[in-house]
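The values are calculated or read from the model by the stated rules, or taken from the named source; none is laboratory data. These numbers come from a predicted model, not from an experiment. These area figures cover heavy atoms from the full protein model, side chains too; ligands, DNA and RNA do not enter into them. Shrake-Rupley method; radii C 1.70, N 1.55, O 1.52, S 1.80 Å.
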Amino acid sequence: AMNQTGGSDITKYTEEEIIAKKKTSAAFSEYSLLCNTEDVELLGIENKDGVDHYVIQYKLGETTTTAYYSKETGLKSYTNSLEVTEEGPQSITTIHSEYTDYKGYLFPKKTSQVVESMSMTSTLNAVEVNGKIDAKVFEIK
């Protein structure tokens, strides 16, 4: 995993954590969730910021995630994750916006995360689908 200073950290996962991670390990986590529907519950329709959303919830390991998909577009607008950690519960809200078409695939150009009282926004400038990747990126040091 990448740390805040741009370096890399090595994280060892338990068997349970590995199983949970595999359930959402795909280019689009929603695809993996469709393959594990026993973990997903449709909670209903909720209006958020004047827009109706389908609301789904799933629990993987110690994290419960609630995702909001626009009823009109089908695109994910919000994600709320509640993770139980040794320090106590931690809430993370992610806002997905400004969806942009990159060669037929829609990606949120802007993603904002709010963790407790801190927030961070990232902007996607380019997407390369099936580009060449240097094998050195995957070397373990």
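Open to solvent by 60 Å² or more (accessible area, probe 1.4 Å) and either under 12 Å from the mean Cα position of the chain (by Cα) or of a type in the set (Asp, Glu) (or both): does that describe residue 38? When the stated conditions are applied, residue 38 passes them.
Out of 33, 43, one residue alone is aliphatic (A, V, I, L, M) and part of a strand (DSSP E or B). It is 43.
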